[in-house]
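The values are calculated or read from the model by the stated rules, or taken from the named source; none is laboratory data. All values reported here derive from a predicted model rather than from experimental measurement. Cβ placement follows ideal geometry from the backbone for every residue including glycine, while neighbour counts extend to all protein chains displayed.
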Amino acid sequence: MNDTLLDIKDLEVQYVVDGEITRAVNGINLKLKKGEVLGLVGETGAGKTTTALAIMGLIPNPPGKVTKGNINFTNSENMKIDICNVNNKALLDIRGSKISMIFQDPMTSLNPVMSIGDQIKEGVEIHQPEVNAKERAKEMLELVGIPKERFNEYPHQFSGGMKQRIIIAIALACTPELLIADEPTTALDVTIQAQVLDMMKDLKIKFNTAMLMITHDLGVIAKTCDNVAIMYAGEIIEYGTLRDVYKNTQHPYTMGLFNSIPSIDKVEKRLKPIKGLTPDATNLPSGCKFHPRCEFAREACREIAPKEYNLNETHYTKCLKVEGCNEYKESRVIDDE
Amino acid sequence: MGSYIFKRVLALVPILIGVSFLVFTIMHLSPGDPASLVLGEQATAEQIAQKREEMGLNDPFLVQYGNYVFKYVQGDFGQSYVSNRDVATEILSRFPNTVTLTIASMIIAIGIAIPTGIIAATKQYSITDNVATVLALLGVSMPNFWLGLMLIIGIAVPVQFIPTGGMKVAYTLFGNIKIPTLGSIILPAITLGTGAAGIIMRMTRSSMLEVVRQDYIRTARAKGVSEKVVIRKHALSNALIPIVTVVGLQFGYLLGGAVLTESVFSWPGVGRYMVDSIKTRDMPVVIAGVIFMASVFTIVNLFVDILYAYIDPRIKAEYKKG
């Protein structure tokens with residue numbers, strides 16, 4: 001049996017604003033197995049959220065558009081659907097029932113004039129009319145640790161952490177096969193973060209839901225994920241198991257990320273940040289998109305866009321230096337004029 | 001909630017004192033002698049002097065004002081100088097006509113404005129949106145009296161069953177609430193409705209545009225809620241507060257008597273009565289009328305504020321606290 005749940009092939013997403021093209025996602029390939037937790041890491045503007053919205057079929061159009069590639073979703077009944085090429089009705093059926101999403105900011109992601117109970121049961125009413133939605137909503141509330149008596153209360157009566165748990169309850173109410181968590185803990189206090197992550201882990205085990213965990217927090221990834229994909233300027237530049245990426249880091253950008261977090265073992269005076277800024281998505285650099293910030297960059301990096309280079313069965317990266325190709329070896333170091 | 005309403009009603013008192021003082025001062029300073037007005041042109045100077053003394057017009061300004069307030073508190077609004085009839089009865093007998101016209105024009109305004117506003121917002125920058133926005137601008141900027149006159153010339157004159165003015169009574173409820181014929185109310189209602197529709201439509205559009213960009217709308221979409229339900233259930237209920245505010249304000253204005261429109265269509269409402277009374281310097285009517293309008297306006301506003309609590313639970317919590 002094929003146990004691939006999600007198969008993203010060569011996905012490109014662009015936003016067009018006033019004739020200017022923003023290339024948010026530039027040909028990413030990603031596979032997700034049933035029950036797997038994949039971490040998607042990257043700086044702000046790397047295209048993580050856009051990727052997530054593309055999987056939900058929620059890219060705001062206009063201005064956004066999937067310009068290339070497909071997102072194949074195979075559900076438990078072995079029905080294959082390409083989310084990029086499917087009618088609206090089928091998309092509505094998948095959203096919230098097969099794939100659901102937890103959003104970044106719990107403070108603004110709940111409808112302020114609707115009781116939280118109604119918000120949880122809404123999805124169930126749409127997708128599982130045979131289920132008693134109110135009972136299910138109450139179960140979900142208890143599951144995320146909120147007393148079911150608070151069913152009729154409104155979002156403003158809850159704290160940030162509780163709101164995030166309500167959002168998780170909404171996302172899980174129809175027991176989806178894939179849960180996309182877009183920085184689920186970024187807006188929360190550290191203590192609440194740990195609570196929410198533990199809860200998500202428990203729920204994952206209970207429902208065997210596959211998860212796409214989007215974050216820029218490498219600690220969160222280490223705590224929750226099986227596999228990791230590092231995104232930079234709309235591309236996945238390194239992918240592997242948690243062990244591959246954390247213990248056998250290859251791409252200079254990924255190394256830079258790890259160097260940017262303080263280590264408890266080493267005595268360090270200063271952290272080593274990655275110099276420069278995320279490139280402007282309307283004007284991406286040629287060749288390897290990381291070359292202007294890369295300390296190992298050579299002239300070849302400016303001309304050749306690196307391909308996926310497999311280090312082992314589970315681990316690949318996109319870097320000419322790691323690849324060790326002749327063009328890289330023979331070209332000169334870029335000198336900063 | 002109860003204590004909130006009580007506080008708001010209490011706040012009505014200073015408003016009414018302020019309004020009454022202002023109107024009284026203006027009427028006091030305006031030229032014309034009420035005594036000669038009451039007695040007519042034939043009266044001798046002696047008769048007028050005697051009448052002035054009788055009416056208390058020789059008392060100091062503040063004493064006169066105090067006397068008015070004292071009588072008002074007792075529920076005595078005085079007699080009209082012109083008809084000699086009780087002012088309160090005169091105003092209240094016309095008020096239902098104004099209410100009918102207000103309701104009719106608000107039905108037209110809301111019926112046009114809210115659906116167009118929603119469509120314009122969901123299809124921002126489309127042709128529909130542009131046309132609707134231009135029409136709304138036209139509605140807001142068109143003077144009521146001019147539109148009224150155009151409608152009379154263009155529709156009432158050629159069409160038989162639509163009168164050029166006045167109120168034709170179809171039937172009467174409870175003795176004094178008169179239901180007008182459709183023909184006689186349609187033009188004044190359209191005249192008043194277009195202005196209000198323009199304002200309400202623009203508010204609906206901008207409020208909806210702001211709401212559809214919110215994160216919770218995306219959450220609703222992510223649940224698999226269809227676009228229609230997203231707009232109707234999630235977006236509209238959040239966009240409602242500013243819409244209800246402008247609808248309430250418009251309602252208040254119109255209830256106070258749509259002065260120009262009522263005059264153009266000779267509609268027997270409070271607004272036209274006020275205009276007539278100002279023309280004849282019928283001081284008791286003008287003062288009582290303005291106080292009446294101010295009260296109606298504030299009461300409508302209070303009603304709108306209470307309505308907020310039913311739209312937004314956060315505001316309800318706020319009221320309970322206060």
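Within region A:320-331, can one find any residue that is polar (S, T, N, Q) and under 18 Å from A:Ile230 (Cβ atoms)? Before you say what the answer is, go through the steps one by one.
Residues of region A:320-331 that are polar (S, T, N, Q), as a first pass: A:326, A:331.
Filter once more, so that each one left must be under 18 Å from A:Ile230 (Cβ atoms): none.
Scanning region A:320-331, I find no residue that is polar (S, T, N, Q) and under 18 Å from A:Ile230 (Cβ atoms), so the answer is no.
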Members of region B:228-247 found to be more than 8 Å from every other protein chain (Cβ to nearest Cβ) and closer than 19 Å to A:Phe103 by Cα, listed by number: B:Val230, B:Ala235
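For every residue, the table says whether it meets (1) farther than 30 Å from B:Leu192 by Cα; (2) among the basic types (Lys, Arg); (3) free of Cβ contacts under 8 Å to residues at least 60 places away in the same chain.
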site	(1), (2), (3)
B:Ile26	no, no, yes
B:Gln64	yes, no, yes
B:Tyr81	yes, no, no
B:Glu90	no, no, no
Any chance B:Ile5 is touching an Asp or Glu at 6+ places or on another chain (Cβ under 8 Å), at pLDDT below 90 and β-branched (Val, Ile, Thr): no
Looking only at region A:170-225, and only at residues there that are among the small types (Gly, Ala, Ser) and either within 20 Å of A:Ser159 (Cβ to Cβ) or not in a strand (DSSP E or B) (or both), the one that is modelled with the lowest pLDDT: A:Ala187
Complete set of residues in region A:56-86 that are in a loop (DSSP other than H, G, I, E, B), out of contact with any Phe, Trp or Tyr (no Cβ under 8 Å at 6 or more places or on another chain) and either at pLDDT below 85 or away from chain B (no Cβ under 13 Å) (or both): A:Pro60, A:Asn61, A:Pro62, A:Asn75, A:Ser76, A:Glu77, A:Asn78, A:Met79, A:Val86
Qualifying residue in region B:95-110 (condition: of a type in the set (Val, Ile, Thr), closer than 23 Å to B:Lys279 by Cα and buried (at least 16 other Cβ atoms within 10 Å of the Cβ)): yes
Condition met for B:Pro60 (touching a residue at least 40 places away in the same chain (Cβ under 8 Å) and of a type outside the set (Asp, Glu)): no
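Which residue, of B:Ile243, B:Ile231, B:Ile278, is aliphatic (A, V, I, L, M) and without any contact (Cβ under 8 Å) to a residue 12 or more places away in the chain? Spell out the reasoning first.
Details: B:Ile243 fails: without any contact (Cβ under 8 Å) to a residue 12 or more places away in the chain; B:Ile231 fails: without any contact (Cβ under 8 Å) to a residue 12 or more places away in the chain.
The match here is B:Ile278.
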Which numbered condition A:Lys68 fails, given (1) surrounded by fewer than 24 Cβ atoms within 10 Å (Cβ to Cβ); (2) within 27 Å of A:Thr185 (Cα to Cα): (2)
Residue ranges of helices (runs of 4 or more DSSP H) in region B:252-322 with at least 1 members within 14 Å of chain A (Cβ to nearest Cβ) and charged (D, E, K, R): B:313-321
Residues that are aliphatic (A, V, I, L, M), closer than 22 Å to B:Asp276 by Cβ and not in a helix (DSSP H, G or I), drawn from region B:52-94: B:Val82
Condition broken by A:Gln104, with the remaining ones in (1) in contact with a helix residue (DSSP H, G or I) (Cβ under 6 Å, 6 or more places away or on another chain); (2) under 26 Å from A:Leu6 (Cα atoms); (3) within 13 Å of chain B (Cβ to nearest Cβ) satisfied: (1)
Some residue of region B:193-214 being hydrophobic (A, V, I, L, M, F, W, C) and over 30 Å from B:Lys228 (Cβ atoms): no
Enumeration of residues in region A:120-154 that are under 21 Å from A:Ile94 (Cβ atoms) and either of a type in the set (Lys, Arg) or more than 14 Å from every other protein chain (Cβ to nearest Cβ) (or both): A:Lys121, A:Glu130, A:Val131, A:Arg136
Count of region A:140-162 residues which are in a helix (DSSP H, G or I) and free of Cβ contacts under 8 Å to residues at least 60 places away in the same chain: 14
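Taking into account only those residues within region B:238-252 that are of a type in the set (A, V, I, L, M, F, W, C) and in contact with an Asp or Glu (Cβ under 9 Å, 6 or more places away or on another chain), which is surrounded by the fewest Cβ atoms within 10 Å (Cβ to Cβ)? If you could, list the steps in order and put the result at the bottom.
Going residue by residue through region B:238-252, those that are of a type in the set (A, V, I, L, M, F, W, C) are B:239-241, B:243-244, B:246-247, B:249, B:251.
Checking which are in contact with an Asp or Glu (Cβ under 9 Å, 6 or more places away or on another chain) leaves us with B:239-241.
Working: B:Ala239: 26, B:Leu240: 22, B:Ile241: 16.
Checked region B:238-252; the qualifying residue surrounded by the fewest Cβ atoms within 10 Å (Cβ to Cβ) is B:Ile241.
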